[in-house]
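Each reported figure results from applying straightforward, stated rules to the coordinates on display, with no laboratory input. Small disclaimer: the values here were computed from a predicted structure and weren't measured. Quick reminder, even Gly has a Cβ in these numbers, built from the backbone with ideal geometry, and neighbours come from all protein chains shown.
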Amino acid sequence: MLLIYCPYCEEERSELEFRNGGDAHIARPTNIAEISDEEFEAYFFLRDNPKGVIFERWRHIHGCGRFFNAARDTVSDRFLTTYKAGEPKPDLDAEPKTSAEVETYEALEGAAQ
Amino acid sequence: MADQAIRKAPLAGLRGGSHAAILTPAAPASRISLRAGKDAVPALSAALGVTLPLRPKTSASSGKRHALWLGPDEWLVIDEDDADLMAAAGSSGALHSAVDVSHRNTAIIVSGPGAEVAINSGCPQDLSLGLFPVGACSRTIFGKAEIVLLRTAEDTFRLECWRSFAPFVFGLLSEGAEDAAH
Ligand SMILES: [Zn+2]
């Protein structure tokens with residue numbers, strides 16, 4: 001069971017209480033009626049889908065109901081940190097980790113054998 | 001032909017559980033879903049006669065009225081005496097949003113030494129006394145249904161769920177209560 005630290009509830013809760021909300025820090029253009037189709041496509045549809053660290057919005061939908069942001073490693077599924085909506089992207093090198101090691105299938109199977 | 005409409009509670013007459021965890025449908029109560037900013041909290045607390053808690057997972061009670069923290073600006077207020085909470089909140093004079101959810105929710109009282117185990121059969125939260133003491137409350141998930149938990153005593157929980165989910169919740173809780181007896 002993946003545990004996610006909610007910055008509003010101030011504790012780790014089961015992933016079952018959360019929903020992913022897509023990439024974070026995507027600013028809506030202030031002149032949205034004037035931009036070209038290509039610019040709109042880039043804002044609305046195009047995402048990086050990185051292998052590694054990604055900044056995402058998450059919602060504690062079956063908890064406090066709040067959206068917040070998280071830095072997650074897409075390879076290990078480890079949450080590096082979470083922070084309140086509206087706060088700037090954190091410096092990951094300086095941040096303490098808020099979630100324990102993820103229990104991956106491989107790791108558990110390795111221990112079982 | 002029946003000439004009278006009879007209001008029927010969602011879990012009327014049901015009893016269940018085991019000797020480890022007894023399940024009892026709670027009596028009807030009035031409830032509001034309350035949203036308000038920090039500025040309005042003192043006036044709303046005074047109008048409702050119960051101090052709205054500001055810390056996560058905490059509740060406050062005054063007699064049979066309970067205010068449960070659900071989110072940073074959201075509370076579930078329950079009055080077991082069926083008092084008019086909408087009017088009470090309205091008399092505060094402070095900016096807020098209150099929705100009467102008295103009949104949207106129903107509640108099940110889970111009590112006994114196996115109450116934690118019965119609820120944990122479908123709920124991932126840590127309900128040990130250290131992390132979820134008496135008076136603690138939380139919106140969370142139970143199987144497929146969203147619930148609100150309030151611990152009213154060391155071995156007793158009030159479990160609120162939406163009325164359309166009540167048969168599912170009661171059924172899954174009954175299974176959990178049986179498991180808790182083993
Ligand atoms: Zn939360």
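Can you tell which of B:L70, B:L23, B:L150 lies farthest toward the positive end of the dipole of chain B, using +1 and -1 charges on the Cβ of basic and acidic side chains (Lys, Arg; Asp, Glu)?
B:L70
Over chain B, what is the mean sequence separation of C-alpha contacts under 8 Å (at least six apart), divided by residue count, expressed as relative contact order in percent? Present the calculation step by step, with values, prior to reporting the outcome.
On the way: 390 pairs, mean separation 48.8, N = 182.
This gives 27 percent for chain B.
Calculate the mean, over all residues of peptide A:61-67, of how many other protein chain Cβ atoms lie within 10 angstrom of the residue's Cβ. Could you put the intermediate results ahead of the total?
Numbers: counts 3, 9, 10, 10, 6, 4, 0.
Rounded to a whole number, the mean comes out at 6.
Compute, for segment B:51-182, the length of the dipole vector about the Cα centre, with Cβ point charges of +1 (Lys, Arg) and -1 (Asp, Glu) only. Units Debye, rounded to 20. All intermediate terms of the calculation are to be shown ahead of the outcome.
Working: 10 positive and 17 negative charges, 54 e Å.
Using only the charged Cβ atoms, the result is roughly 260 debye.
Which cross-chain or sequence-distant (5 or more) residues have an amide H under 5 Å from the amide H of B:G16, H modelled 1.01 Å from N in plane?
Excluding prolines and chain starts, which carry no amide H, the hits are B:L23.
Can you give the three extents of the C-alpha atoms in segment B:1-102 along their principal axes, from longest to shortest, in whole Å?
The principal-axis extents, from largest down, are 51, 42, 22 Å.
Output the direction-averaged projected area (hull surface divided by four) of the convex hull of the alpha-carbon atoms of segment A:1-59, in nm². Please list the in-between numbers first.
Numbers: hull surface 22.5 nm².
If you wrap the Cα atoms of segment A:1-59 in a convex hull and average its projections, you get 5.6 nm².
Could you give me D for segment B:16-180, from Stokes-Einstein at 4 °C and 1.567 mPa s, where the hydrodynamic radius is the Kirkwood radius over C-alpha pairs? Units µm² s⁻¹, please.
This corresponds to a translational diffusion coefficient of 81 µm²/s.
Return the average number of partner chain Cβ atoms within 10 angstrom of each residue Cβ along peptide A:2-12.
Across the residues of A:2-12, the mean count of other-chain Cβ atoms within 10 Å is 2.
Stick to the Cα atoms of the protein assembly as shown, pair each with every other, and give me the Kirkwood hydrodynamic radius in Å at one decimal.
It works out to 21.5 Å.
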